[in-house]
Structure formats: C-alpha cells, structure tokens
Amino acid sequence: MAYLTDFQVDAIRAHMTGEKELLLKKFRAKNSPYDKISVPIGEMSAYEALGFKVDDTTKKKAKMSRRKAASKEFEDDIWCMFYKLGFRILNTDEHLEVQWGPNPQDTHQLDVVAVGDDAIFVVECKAAEEWKTRSFKDDIDVMSKYKEGITKALRQIYGSEKRVKFIFATRKCRVQQTGNDIERLKANDIYYLNDNTYDYISNLIVSYKDSVIYQFHGLMFKDELINKERICIPALQGFMGTQKYYLFSIEPSTLLKIGFVLHRTRVNDSMAPTYQRLLVPSRLKGISKFIDGGGYFPNSIIINFSASQENLKTEFRPLGNTLDSKAKFGMLSIPNAYGIAYIIDGQHRVYGYASSKQKDNNTIPVVAFENMPSEEQLKIFMEINENQKAVKPSLRLDLEEDLYWSSGRLDSRMKALRSSIIKALAADSNNVLYNKISVGEDSAQLQFKPFNTAFSKSGLIPSASQSHWTGDTDACIYDIEETDADRAMKDSRRRITQFVNNVYEILEERLEKEKHADYLFSNRATFAIITIIGSLHSFLIGIGTINKRSSISERTVAIKPYIEELANALNTLSDEESASLKGALGQGADTYWLRIFQTLVNKAYPDYNPEELVLFKETQDESIQKEGQELKDGIRNTVKELIFTFLANIHGEKWENSILSIRHECEGRIIKSIDEHESIEDYDWKDWLEVSDLKAIIEKNFSDESFASAFSINVGDAFKTKKEKLAWLSKIDQPKGKKPSALTRNDINKLWLINDHLSNFVES
C-alpha cells in the first residue's frame, strides 16, 4: 500500500530535479556567498533598501548582489557539497515539504535532499552568524519524529532498496557541554555534521575526485551492511608472529566499497590512532591513465579487517593443508559492509581504480590482517613510509602522541605529551585555539611545528633523556614523582592545556582585534607566546609567588598582570617598531620575537629580567657592538704585525716566500675585486689576508717558540690541544660580505683578554 498519494508524490517531485542543465544553474547560484539579481534601473533604490548593492549597470538594467544570511549560505553550501559529491537528483528550493504522519499537519520542510544511486540523504541545517553555544534538543526531537515517515515517503518515490540517511548539520554552533545532544543524535541514528566534518568532506572532494563517493559512504555508513550477501574469495591464511593475515586477490570495485581510509583528522578522532594523509589528485589521475593503458602494480595492498560486531567478522574455511608450508589454503568469507577494510598502505592504487575502466575486470593482490591493534597499524604505516621518506615532518609530530605515549623512554613520552597538548588546544571548542592549529589533514592558520618547538623550550614540560629527567624541573607542570606514567601525562596535559588557554584568553581580550592576526594568531607569535608563558611561569616560581602545589587558577592570577602588560605594549607599538618586528626573517626570527616580547614585559616589570634577555639587550646595545668591532679590527692588525715580525726573524728579508701560496690567494682576491682599468700593484696583498689565512700561517709555524707563546691564548675554554689553543681566532673572524655577529659583554671581555695578551708581545 502506497504511503503517499499521487498528488503528494507530484508535489514533492515539483521541488526535486534530475535535469542536468537546471542543476548546473542552481549550483552556480548556490556556490556563491551572494544572492545576485538583475532589476530595472528604476527599481534600484527599492532593492538597495533591502541590502542589495549595485555591481554593474546598463541603460535599462542593474546587476545587484547581497551577502546571503548565514542560514541560507550554509544550506546552499551543503547542497553544493552533495552536487560536488556527484549527486544528480536534488531539491531545487527551500520549499520542499513532506508529510511524515497520518495528519495533514504532520509535515516538515526539508533543507537539503540528495538522491544517489545507493542512498538518499536528508539534511537539517543550523547556522549562526557568529560562534554561539546552544542546545538542539527540540530540533533533534522533531527530527526523530519525522524520520521514519519521511524515509517511507522517499523510498516510495525513489526505490525501496535505497537506504536513507539523516544528517544534522551545524555551522558556528557549539553544542552545550551539559546537554546530551550528541548522545541523542546517536540514539536516533542521525549523523552529526559540524564545521570539522564539512571541511573534511570538502577536502575529500578535492583529493578523491571521482572516487570520493566511496570514502563518503564509508564515513556515513561505517559498519553498515551493503547487503547480506557475503564476499567469498580463495585465500591463504598465515601468521606473522602472533598476527594472523590473509593473502588474496580481489576486484578493485569490491575493495572500493568496503574499504576506508583513516585520515589524520578530528572527524576520525574516535577511531584513533589515525595516520593517513589525503590523496594527491594528480597521482590518482596518473594511476587511472596508467592502468587503462595496460599498466599494473605487482605490490600488495595492505589492509586490516576491523570487526566491531559479530556479523562483521571474516570467516575462513580451510580446504586442506599446504604440505610444504604452514600456510593454509581455503575460502575467506568477508561481510559486504561499508568501511570494514582499513587501508594501511596503497590508498592511491585502490582509489586510482575508481575512474578506471578496469575496476571490475582486474584483480589486485591484498595482504589483509585481522583485528590488528591500531598501534600496530601505525607502526606498519610508519615503517613503509619512513623508508620512502613520504611522512611529512608535521604529520610525524602529530603522530608522536600515538607512537610514544606508552614508551619506556622518558624523552619519547615527553614528545607524546607535547603532541597531545597541542591537539587538545586545537580540539576543544571552548579553547581560543579551537580549529586554529593544523593537525593531521586538518588545515588551519597556525602550524603544528612552532607549538611543538615552543613547548620543548618552555620549561612547562620537563626535559628528559632516555631514563632521567634533565635540567631544571622545578618550574614544570608535571609530577615527576608520579610512578603511573599514564596518569602523570594525562594530568599534565589537562593542566598545561588549561593554563595556556587561560593566557590566550587574556591576550584575546586585551589585544585590539586588528592586532590578533599579527600578534596572537601567527606562527611567529605562537613561539613567542608559548615560550614567554614558560619563562614567566619559571620566574614566578623563582620569586615564590607560586609553587609546585599551586592550582592552575592561582598560576593564572599570578601571570595575568604580566600578560596584560604584554598585550598593552603590543597595542601601542609604533609603526616603525611593528614593521621591524614583522620584518624579522630567517632562522633567528622566532627567538627575536620572543626577546621583544620579553623586553616589553621587562619595561613594566624590571624584576623580570631573565639571563637570556640580559644577553639580548647587550647584543642590541650599539656602544657594545662598536667597541667589539673596533677591538676585532685592532686584534687582526696586531696578529698580522706579529706574524710578519716572527716570519722575518725566522726567514729573513725573503720571509714572504715562506707563505707564497697564501700571497697568491690574496692577489687573486684583489684581481676579482678591482676594475679593469686598475692595477694590482696599487694594492698591498697583506691587506687582503683573512683570519683563515692567519690561522694557516700560525699552524704551519706553531713549532716555533715565538709563534706558540704569542698565539696560544686561554679565553676560558678547553686549552690542551693546538686546535683548542688557537680557538680564540674564531672570535675575531669577520667574513667579507656578512653581517657581524652580535656581541655580548662577555664576548667583549674575551676580546680584551686577547688584546692584552697580544699587546704584551708587541711591546716586547
């Protein structure tokens, strides 16, 4: 018996279309964030009153546009998402109403309906202009009421064999922490699509092209049966250690349906550890062309069958023993279900078949493990890809939490802790850094590495060797006495994440909004902020304001005035100061930002003056740098004078012949530097001696007592070998064309020691 009347079916079809040209027209309109219209010139003012702006005019018409409301823009984005996924039956407007109950008033307007070959998707969209927290209890309750009736209605129109999936989609909406919205959605089998999921699917579309529908179905219907007919194929069963595996060949079209890739993204966090990167589209296209041209890949795809329930387990029936092997031959029965085969290695080869003519004709070799722990999957992935140098440093840092959390090495566990803290800062919607750090395949404005580098130098996490804590552990937020490593790390992660977020909240509030991009949410600022948090925390511990037992709330109260002063100082930077800071480039730029941040705090709180800041101030002192350069110049001239005197004493008037090769090098430098009309005779080759030349002469003549006594200078370092006795020469070196290295007061003191030592020999 039909659920809907013919009239009701026609009413629904009137708001749906499979016409290609109409769909393309709708896509172009919906894919823009603006509503665009063309109106008579005389009606422009009326539409301007409605918020439309003029883009272009002719004699009779005006082209106008208006930014869509957040709710409409989101509905259009979801509609376009399904169009890009390959769906070609979609609703044409926002007026699609379906009766879901026996009463005429039992109707509901549907935001997006997308009909595919295998499934129908019904989406309820909720969006906000700005981020806000709210409860969706009423919306979910309504959705759970109409779900069954609308399923029946859509199946009546588009086929009873199609599965119907309901999606609750949100943008810029945070679910109340105290509510049960997520559990309510799960209980009603409604998929929750938030900002993370939308971005992830959008990236899948870009990366997977024609094959995206397989990964999308795996995401939506994971562990759901495609049909009850199991896949039966001949296979070999064997063991690697205690790990069972199967060796078989299978059609790519079948593996595409049951396969799933665990991408390193927040969407898949519940299935951690995840490790895969998104596909490279150009490689997919190349693989498809290669296969269709008769090419093939002899190496095996590596997968893992993961069974969450009894009906999803594989079954193996031996057909007899292989006499000369411990392997068994038999029939492997695989459930025909979405997302049960995790692809550990070979995703490009598998998905390259999606647009190939050979996906139903070819078979590909597969090594399949069964219920392999995710940590073991990760190890296999890393071993394969490390050898191929395919793992990006950023992904490696992200994976360190899963690789090393339970390691027996202290230093490895601290790597895991750093990785875990960074991801915790990025994952919690209540954090300032939520969705702002690139984690795995989730792209964002801030990179993972600056956070990792900063935390390693902050002192908030203790430094360690393989088996011992190293350096100062007094200022770390980690209980080094706790014997339960897992408990200690989780506690440290919770406290450090809270503390760092508290500081970011202070900065977010105090910094002017136009300063956020440069001084709060930039990679240079990241290193400076995290590191100065650690530096100030250590300072506050040192002066007794806080101690190891202080709560995070107490630590936040203590550090707050210093952070507020930093924000105030950044707000009032002059244009020149700001340009100088943002113009810092190169390897030392991150440290330079930190020192400037420390300087700004020091101006208001002089007691905060860490040793590294003292040294930095000295390097910025022009009088110290001038004194140092003058000393270097004088010392180099003195060394030359002594060398010439000693060589004359040893070799007489023709002493220059003893260093003839060095003289020729100097003359070569002159020739390269002078103009064509100039003569080399106008220049004294001795003026072109470099410190490396002086060192070579001294080393050659070091057996002479005058050379050894004059040029062996102890500046407080090791002083046994000839190399160590001549190490001071590096302190006066100044390669041509390079900026002089910045000097501290300690450097100046050593230069004076060198100068005084050499002066004694000049005088004598």
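The values are calculated or read from the model by the stated rules, or taken from the named source; none is laboratory data. Quick caveat: nothing in here was measured; it's all calculated off a predicted structure. Positions of Cβ are backbone-derived with ideal geometry, glycine not excepted, and every protein chain shown enters the neighbour counts.
Worth pointing out:
One line per residue, one yes/no per condition, for (1) under 41 Å from the mean Cα position of the chain (by Cα); (2) assigned by TED's automatic domain parsing to the domain that holds Ile157; (3) acidic (Asp, Glu):
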{"site": "Glu43", "(1), (2), (3)": "no, no, yes"}
{"site": "Ala46", "(1), (2), (3)": "no, no, no"}
{"site": "Lys63", "(1), (2), (3)": "no, no, no"}
{"site": "Thr92", "(1), (2), (3)": "yes, yes, no"}
{"site": "Leu110", "(1), (2), (3)": "yes, yes, no"}
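- Members of segment 708-725 that are within 15 Å of Ile754 (Cα to Cα) and assigned to a helix (DSSP H, G or I): Ala708, Ser709, Ala710, Phe711, Glu724, Lys725
- Number of positions in segment 1-20 that are surrounded by 15 or more Cβ atoms within 10 Å (Cβ to Cβ) and closer than 15 Å to Arg155 by Cα: 6
- Verdict on Ala127 being in a strand (DSSP E or B), among the small types (Gly, Ala, Ser) and touching a residue at least 40 places away in the same chain (Cβ under 8 Å): yes
- Qualifying residue in segment 579-598 (condition: over 26 Å from the mean Cα position of the chain (by Cα), modelled with pLDDT of 95 or more, surrounded by 14 or more Cβ atoms within 10 Å (Cβ to Cβ) and assigned by TED's automatic domain parsing to the domain that holds Ile461): yes
- Residues being farther than 12 Å from Glu75 by Cβ and without any contact (Cβ under 8 Å) to a residue 60 or more places away in the chain - total across segment 115-124: 3
- Residues that are touching a strand residue (DSSP E or B) at 6+ places or on another chain (Cβ under 7 Å) and farther than 21 Å from Lys68 by Cβ within segment 18-31 comprise just one, Gly18.
- Answer residue from segment 415-443, given it is aliphatic (A, V, I, L, M) and touching a Leu at 6+ places or on another chain (Cβ under 9 Å) and is nearest to Leu460 (Cα to Cα) among those: Ile421
- With respect to (1) more than 37 Å from the chain's Cα centre (by Cα); (2) part of a helix (DSSP H, G or I), the lone exception for Asp138 is condition (1).
- With respect to the stated conditions, Leu743 fails to be more than 22 Å from Ile624 (Cα to Cα) and aliphatic (A, V, I, L, M).
- Scanning segment 470-510 for residues that are outside any loop (DSSP other than H, G, I, E, B), more than 21 Å from Ile533 (Cα to Cα) and either of a type outside the set (Gly, Ala, Ser) or not assigned by TED's automatic domain parsing to the domain that holds Val601 (or both) yields Asp486, Arg487.
- Within the option set Asn649, Asn714, being under 56 Å from the mean Cα position of the chain (by Cα) and within 19 Å of Phe761 (Cβ to Cβ) holds for one residue only, Asn714.
- Matching residues in segment 749-764 - criterion: being modelled with pLDDT under 90 and aliphatic (A, V, I, L, M): Val762
- Sub-9 Å Cβ pairs linking a first residue in segment 613-632 that is in contact (Cβ under 8 Å) with a residue 40 or more places away in the chain and closer than 13 Å to Asp747 by Cα to a second residue that is in a helix (DSSP H, G or I) and among the hydroxyl-bearing types (Ser, Thr, Tyr), at least 6 apart or interchain, are Gln625/Thr619, ordered by first then second residue.
- Within segment 227-239, considering residues that are part of a loop (DSSP other than H, G, I, E, B) and not acidic (Asp, Glu), the one modelled with the highest pLDDT: Arg230
- Scan of segment 726-741 for residues that are assigned to a helix (DSSP H, G or I) and aliphatic (A, V, I, L, M), ordered by number: Ala727, Leu729, Ile732
- The number of residues in segment 98-115 that are buried (at least 20 other Cβ atoms within 10 Å of the Cβ) and among the small types (Gly, Ala, Ser) comes to 1.
- Residues being in contact (Cβ under 8 Å) with a residue 40 or more places away in the chain and assigned to a strand (DSSP E or B) - total across segment 98-111: 3
- You will find that of Asn203, Asn194, Asn268, Asn188, the residue that is modelled with pLDDT of 90 or more, polar (S, T, N, Q) and more than 30 Å from Lys328 (Cα to Cα) is Asn188 and no other.
- Residues satisfying the stated conditions in segment 677-736, i.e. in contact with a Leu (Cβ under 7 Å, 6 or more places away or on another chain) and at pLDDT below 90: Val715
- Residues in segment 514-550 that are out of contact with any Asp or Glu (no Cβ under 8 Å at 6 or more places or on another chain), in contact (Cβ under 8 Å) with a residue 40 or more places away in the chain and not in a helix (DSSP H, G or I): Phe521, Ser522.
- Within the option set Phe316, Phe248, Phe260, Phe290, being modelled with pLDDT under 90 and surrounded by fewer than 21 Cβ atoms within 10 Å (Cβ to Cβ) holds for one residue only, Phe290.
A quick yes/no check of all residues on (1) closer than 21 Å to Phe316 by Cβ; (2) surrounded by fewer than 20 Cβ atoms within 10 Å (Cβ to Cβ); (3) aliphatic (A, V, I, L, M); (4) touching a strand residue (DSSP E or B) at 6+ places or on another chain (Cβ under 7 Å):
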site: Ile167; (1), (2), (3), (4): no, no, yes, yes
site: Lys172; (1), (2), (3), (4): no, yes, no, yes
site: Val175; (1), (2), (3), (4): no, yes, yes, no
site: Ser211; (1), (2), (3), (4): no, no, no, no
site: Leu225; (1), (2), (3), (4): yes, yes, yes, yes
site: Met240; (1), (2), (3), (4): yes, yes, yes, no
site: Ser253; (1), (2), (3), (4): no, yes, no, no
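- Residue selected from segment 538-566 under the condition closer than 15 Å to Gln598 by Cβ and hydrophobic (A, V, I, L, M, F, W, C), by the criterion surrounded by the fewest Cβ atoms within 10 Å (Cβ to Cβ): Leu540
- Matching residues in segment 21-46 - criterion: being out of contact with any helix residue (DSSP H, G or I) (no Cβ under 9 Å at 6 or more places or on another chain), over 25 Å from Ile78 (Cα atoms) and either surrounded by 15 or more Cβ atoms within 10 Å (Cβ to Cβ) or in contact (Cβ under 8 Å) with a residue 24 or more places away in the chain (or both): Ser38, Met44
- Contact annotation: residue pairs with Cβ atoms under 8 Å, 6 or more positions apart or on different chains, pairing a residue in segment 214-226 that is assigned to a loop (DSSP other than H, G, I, E, B) with a partner that is modelled with pLDDT of 85 or more and aliphatic (A, V, I, L, M), are Phe221/Ala119; Asp223/Leu312; Asp223/Ala337; Asp223/Ile340; Glu224/Ala337; Ile226/Ile258; Ile226/Ala337.
- Qualifying residue in segment 175-190 (condition: assigned to a helix (DSSP H, G or I) and closer than 30 Å to Pro252 by Cα): no
- Scanning segment 499-509 for residues that are crowded, with 18+ Cβ neighbours inside 10 Å and over 21 Å from the mean Cα position of the chain (by Cα) yields Phe499, Asn502, Val503, Ile506, Leu507.
- Taken over segment 53-77, the criterion of being within 21 Å of Glu94 (Cα to Cα) and not hydroxyl-bearing (Ser, Thr, Tyr) is satisfied by Arg66, Arg67, Lys68, Ala69, Ala70, Lys72, Glu73, Phe74, Glu75, Asp76, Asp77.
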